[in-house]
Amino acid sequence: MSINILMPALSPTMTEGKLAKWHVKVGDTVKSGQVVCEIETDKATMEVEAVDEGKIGQILVEEGTEGVAVNAVIAVLLEEGETEVAKSAAPAAEKPAPKAEEKPAEKPASPAPATAPAPPPKPAAPAASSGGTRIFASPLAKRIAAEKGIDLAGLKGSGPNGRIVKVDVENAKPGAAPATSQAPKAAAKAPAPPAGGQPVFVAPGDSRVPHTSIRKVIARRMLESKQTVPHFYLTVDFEIDALLTARTAINIVVEKKGTKVSVNDMVIKACAKALRDHPECNASWTEDEMIQYGAVDISVAVATDRGLITPIVRNADMKGLAQISIEMKDLASRAKSGKLKLEEFQGGGFTISNLGMFGIRDFGAIINTPQAMILAVGAGEERVVVRKGEMVVRNIMSCTLAVDHRVVDGAMGAQFLQTLKAYIEQPAAMLA
Amino acid sequence: MAETSFDLIVVGGGPGGYVAAIRAAQLGLKTAVVEREHMGGICLNWGCIPTKALLRTSEVYGLIKHAEAYGLSVKDVSFDPKKIVERSRKVASQLSNGVSMLMKKNKITVFDGTAQLAGTDGAKRKVAVALKDRSNVTLTAKDVILATGARARQLPGLEADGKLVWSYKEAMVPPEFPKSLLVIGSGAIGIEFASFYRTMGAEVTVAEVMDRVLPVEDAEVSAFAKKAFEKQGMKILTSATVSNLKKGANNVTATITVGGKAQEITVDRVISAVGIVGNVENIGLEGTKVKVEKTHIVIDQWGFTGEPNVYAIGDVAGPPWLAHKAMHEGVLVVEKIAGVKGVHPMKTENIPGCTYCQPQVASIGLTEAAAKAKGLELKVGKFPFIGNGKAIALGEPEGFIKTIFDAKTGELLGAHMIGAEVTELIQGYSIAKTLETTEAELMATVFPHPTLSEMMHESVLAAYGRTLHI
């Protein structure tokens, strides 16, 4: 029986990709695990390994071909003893295959999404894996895996067509590293390597720290975002002297309410107001249509011991600064103790990530999909600037907006920043 | 001169052997079968098939006798043993001819004769065949599969003589039906004959050495079956040893000991159904690495015997002695030989078993006792025929379906059924087990109404306290 080598999906949203390079030619004998070709998407190049051994009987997609549909037959592997490709095995040229069955909405449902996706436009599909490709496993195997805390994506199925069955799960250890079985895997050897990278060598004295589920979710979501979302970046300097003055004035009042408004709280409010003014930026891309959100919900990145989490200030455009401040303190403290409710960190239309307190001047953040923008906020500091031909000292805060180009074009992003700048530099405008 | 060089030689043309040969031919192997008697083996000629023909007769006869219950009047019901047997033989020969046709169709060479392993010739195995026409021929092949089957076990003092004491073979072609009958052994073979002859009017006594009838079945099924048989007028003796058979001119007096007390009963005929032994003699095993234990060839999970390129399948390779097990083994061994990828060893717990007595019995997987012995926490469900609309309409309200789940994982560990047509139902659970479904999928499956199969659903629901119709 000849085996078809298929165009792999490198992410759940990938529908096509470029066949960058063949590492083998017709007639070559390949072993299971040997790299046969490289696939390219906008953000990444991945090596595709043979999952069976045999001889390359036919190469159906030439190197350098772009727009190869996921699951299209790209080559045919002959098993031992076979000499030619059965006609039926190769639906050759007919520019192949149903274009990826996976719609972006079918995001893998993850047990504890750490970062906060906006409400998915369509219901999330059940099961599935960190890779996004469907995993075939018997109901019993799934049940046992769930009980033992085994990630099915890390298992090689011994059932018909690689289906994962009871015995595979029983033989697996909890927390088994996802790597193997699926075709688009990145050179998996003993210590599971980083995707697309060199193998990790573990020397004596090195330690192996099992992934927490939050870490796995962060890894999967960040990788997915970086690989599938076309990011561009806009950096701007905000003069925040007026904002600091306003903050002092505000705090005289709100301190009586037992809170203290931070610069970040004011940035939340300003972003919310700007998003209300630019609804096209408060949006998500789906294959079929654009989703523009009615509410302005701001996700705020909070660092915790266990990893990054993004609780949400809902309807931030309609809330006062004191209210935002009180909510934010509560969300942050519960995020740190791991007591957030699901709905408190799932959803959101825009994210703010602030590393100013660490003295970071400026940085670019990864978009928290399926949102379209994330604002990376740097430290507010005194800088010498030129005003009316003279050098003066001003408090300056640099921010970089990362934008999903599918949703928002450069000029639109810039206009959003202009609006934001107006709110931050003249905070009284937020009262309007 | 006929061809003598092959890729594969299968010794024995029973269900294991002929299926193995067909699969081999499909995979492009040049294949020969050596069969000493008739294609289809015991199953088709002297086992499964002709007994089903007989049991169909007794089933119809039983129904006619109860015609009034269905609002029918039937008078002067009688039967002709000769015609009953004739029908059974016709069914068998029709199917045996069918198998011969399949051999032709698949270009498999059949040798009528007996075969013995005869060493090697270079890389090839040699098989010496003594043909029916008394000529001899030596065949060679890379691989040999032994599928020689089994025969009735003969206990000292209880040997079948073919006249007064029958084995399954004589019991299947009686010149006339006995008025009274002792059946020794209540496994599938014994109980099917007991059921047949009882329905046809004989006084039947069953003597079982174990403490219950159908001893391999779930204890609840055994208990239910015993009651049902007794209701039909069968005499059931369990924990009973038959120690002596005194043969008269046209009857036999048997000494049966139950609980230390000996009793004598006199019957027209005795059927000895005390198990089977493997056909391991005269097939050239001497001097090979093939190991025989308790009359059966020892094999690994791929049917390999330890002797290079020699495999064994079916009854000769050990229990369960079931045609479908032999067929499945035949396929997997051939695929392994041919290098097919993804071949899996057989899972014994996924092999269903069927007994065609009245009421029918079918089962798969672990009995409740066996599951408990494994220390598993169980969910057990039971649903009676009396709660099923179709069963009532059929006039078959007796029986039940029992399912056993692992409480922790929801794995279907076993299913046990007794009642009308359960032998046709059990495959549903076989599929469930092969696909590794849990109770959730079985509960979510839509069973058609009105059918007996609804009880399969209800039994699963019952295991989780959710049964609807009782």
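Tabulated results
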item: Unit charges at the beta carbon, dipole of chain B: most positive-side option, B:THR205, B:VAL331, B:ILE386; result: B:VAL331
item: With at most 14 neighbouring Cβ atoms within 10 Å, loop GluC sites (Glu not before Pro) (DSSP) excluded, longest segment of chain B; result: B:4-158
item: Estimated 222 nm signal from helices in the protein assembly as shown, with DSSP H stretches of n ≥ 4 weighted -39500 (n - 2.57), rounded to 500; result: -8000 deg cm²/dmol
item: Calculated over region B:1-60: convex hull of Cα atoms, volume per residue (Å³); result: 94
item: Charged-residue dipole, Cβ positions (Lys, Arg, Asp, Glu), region B:42-107 about Cα centre, Debye nearest 20; result: 500
item: Pairwise centroid distance, computed over Cα atoms, of region B:198-212 with region B:141-175, Å; result: 20
item: Unit charges at the beta carbon, dipole of region A:224-330: most positive-side option, A:ILE268, A:ILE291, A:VAL253; result: A:VAL253
item: Per DSSP, loop trypsin sites (Lys or Arg not before Pro) in region B:196-292 with at most 12 further Cβ within 10 Å; result: B:LYS289
item: Residues A:LEU417, B:LEU63, sorted so that the one with the fewest Cβ neighbours within 10 Å comes first; result: B:LEU63, A:LEU417
item: Percent of C-alpha pairs per 10 Å bin, the protein assembly as shown, short to long; result: 2, 10, 14, 16, 16, 13, 10, 8, 6, 4, 2, 1, 0, 0
item: Selected from B:ILE431, B:LEU442, B:HIS38, residue furthest toward positive end of dipole (chain B; charges at beta carbon); result: B:HIS38
item: Inter-probe distance in nm under a simple model that places probes 7 Å from Cα toward Cβ, at B:ASN250 and A:PHE363; result: 10.5
item: Loop chymotrypsin sites (Phe, Trp or Tyr not before Pro), region B:100-169, which have at most 15 other Cβ atoms in a 10 Å radius of their Cβ (DSSP); result: none
item: Distance between modelled label sites at B:GLU377 and A:GLU147, nm, 7 Å Cα→Cβ extension; result: 0.9
item: Filter on B:LYS82/B:LYS105; B:LYS65/B:LYS227; B:LYS126/B:LYS341; A:LYS55/A:LYS216 - keep pairs with C-alpha separation over 32 Å; result: B:LYS82/B:LYS105; A:LYS55/A:LYS216
item: Student exercise, chain B dipole from Lys, Arg, Asp, Glu Cβ charges, in Debye to nearest 20; result: 720
item: Trypsin sites (Lys or Arg not before Pro) within region A:333-432: DSSP coil, no more than 16 neighbouring Cβ in 10 Å; result: A:LYS339, A:LYS341, A:ARG361, A:LYS388, A:ARG406
item: For region B:99-117 versus region A:310-350, the gap between their alpha-carbon centres in whole angstrom; result: 79
item: Spin-label proximity, B:GLU349 to region B:392-429 - amide N less than 19 Å from point 7 Å beyond Cα toward beta carbon; result: B:402-417, B:427-429
item: Under the Debye formula (equal points on every Cα, no solvent term), log10 I(q)/I(0) of chain B at q = 0.06, 0.08, 0.13 Å⁻¹; result: -0.30, -0.53, -1.29
item: Förster-model FRET efficiency, 25 Å R0, B:THR445 and B:ALA370, C-beta, rounded to 0.05; result: 0.45
item: Simple Cβ-charge dipole of region B:370-433, Lys/Arg +1 and Asp/Glu -1, about Cα centre, in debye nearest 20; result: 300
item: Antiparallel bridge percentage (DSSP; both residues within the protein assembly as shown; nearest 5); result: 75
item: Distance in nm between pseudo-label sites at A:THR212 and A:ARG394 (7 Å out along the Cβ direction from Cα); result: 4.1
item: For region B:1-70 versus region B:377-452, the gap between their alpha-carbon centres in whole angstrom; result: 29
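Each reported figure results from applying straightforward, stated rules to the coordinates on display, with no laboratory input. Quick caveat: nothing in here was measured; it's all calculated off a predicted structure. When we count neighbours, we look across all protein chains shown, and the Cβ atoms used for this are built from the backbone with ideal geometry, even at glycine.
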